[in-house]
Each structure stands twice: as C-alpha cells, then as structure tokens.
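The values are calculated or read from the model by the stated rules, or taken from the named source; none is laboratory data. In this text, all values refer to a predicted model and were calculated from it rather than measured experimentally. With ideal geometry, Cβ positions are generated from the backbone for all residues, glycine too; neighbour counts draw on all protein chains shown.
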Amino acid sequence: MPLDAVRGTLAAARATGAAALVNPSPAGRIPPDIVARFDVAIVNETELDALGDDHPARIVLTLGARGVRILPAGPELPAIPADVVDTTGAGDALAGVTAAALAEGRPLEEAVEWGIAAASLSVERHGCQPAMPRREEIEARMRAQGAV
C-alpha cells in the first residue's frame, strides 16, 4: 500500500479512537513515523526484522508451528496442532480473527488465542480466502483445546 494511504488510515484510527492493529506484510522497510502510530503489529520474524529498531508498544510475533509470542514481555502462546495442508492463509486468519476479537473487547492475549485457533483451521485447507474458518469452527476448535 502507498505510505500516504497508511498514514491516512492511521490518522483516521486516531481521530476516531480506534486501535491501530497493523499486519505489515509482506516485509519491507516502514518509516519510523508510521511504526510509531501502530498500537499493535502482527508480524512474523522476517517482518519484525524489517521494522528495524522501531517497534510499536505491542507486537504479536507469529512463530509458525511454534506458536505466538507477545512482545515486549508478554507470554508465548503455543500453536494448536493441525494437519497442515497449506499455510498460505495462516497469517491472514490469525490477524483477522485477532482484530475481530479485539473489536469485541477481548484483551490482547485472549484475542490472539482466537487468532491461533483460526490459523490452525486455515492450514488444514487449500488456498487463502477459501481456507478462512467460520466463527462456529473457531469456537469448536477452542472448546477442543479447553479455551472456551
């Protein structure tokens, strides 16, 4: 996305009091003035490196099959075991469902647990958009893990 569009979106979020949850993917250098406006960044290890020394207050670091770590000092949350077919949409599932759970008022750690459940379902299917799970599926996966 053009940087001016990102700046405008972040300004609109601030003006309305919305949190700015950003998934800067694919990895690329992002100017520090933009990163400073992120409330939460959801990144993989490559994308974290692309942020350089400029980090937002909270980072959700995705670690693939190892799970997720919330930075700077948050917990490491395990991945949910899955029969992996295609990982194409896993990051998108995690980011989208985490954002939706935050919008419902859930705390970050709980929202990320929802995102992990969604990602675990998405990798069991082919493609990206067709692999996105429905809420009922996410809830069932979380119940099976004892999380709901």
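Could you tell me whether Ala100 is touching a helix residue (DSSP H, G or I) at 6+ places or on another chain (Cβ under 8 Å) and either assigned to a loop (DSSP other than H, G, I, E, B) or crowded, with 20+ Cβ neighbours inside 10 Å (or both)?
Details: touching a helix residue (DSSP H, G or I) at 6+ places or on another chain (Cβ under 8 Å): yes; either assigned to a loop (DSSP other than H, G, I, E, B) or crowded, with 20+ Cβ neighbours inside 10 Å (or both): no.
Spelling it out, it is not the case that Ala100 is touching a helix residue (DSSP H, G or I) at 6+ places or on another chain (Cβ under 8 Å) and either assigned to a loop (DSSP other than H, G, I, E, B) or crowded, with 20+ Cβ neighbours inside 10 Å (or both).
Among the residues of region 1-26, write down those that are within 14 Å of the chain's Cα centre (by Cα) and more than 20 Å from Gly74 (Cβ to Cβ).
Looking only at region 1-26, we keep the residues that are within 14 Å of the chain's Cα centre (by Cα), and these are 19-26.
Hits for region 1-26 are Ser25, Pro26.
Return the residues of region 51-63 that are surrounded by fewer than 17 Cβ atoms within 10 Å (Cβ to Cβ) and either out of contact with any strand residue (DSSP E or B) (no Cβ under 7 Å at 6 or more places or on another chain) or not hydrophobic (A, V, I, L, M, F, W, C) (or both); say none if nothing qualifies. Don't jump to the end; show me each part of the working.
As a first pass, look at region 51-63 and keep what is surrounded by fewer than 17 Cβ atoms within 10 Å (Cβ to Cβ): 52-54, 57, 63.
Across region 51-63, the qualifying residues are Gly52, Asp53, Asp54, Ala57.
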*asked:* Which numbered condition in (1) among the hydroxyl-bearing types (Ser, Thr, Tyr); (2) at pLDDT below 95; (3) within 16 Å of Ile70 (Cα to Cα) is the only one that Thr87 fails?
replied: (3)
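For Val112, indicate whether it is surrounded by 13 or more Cβ atoms within 10 Å (Cβ to Cβ), in contact with a strand residue (DSSP E or B) (Cβ under 6 Å, 6 or more places away or on another chain), of a type in the set (Val, Ile, Thr) and not in a loop (DSSP other than H, G, I, E, B). Break it down stepwise before answering.
Numbers: surrounded by 13 or more Cβ atoms within 10 Å (Cβ to Cβ): yes; in contact with a strand residue (DSSP E or B) (Cβ under 6 Å, 6 or more places away or on another chain): yes; of a type in the set (Val, Ile, Thr): yes; not in a loop (DSSP other than H, G, I, E, B): yes.
Yes; evaluated as a whole, the condition is true for this residue.
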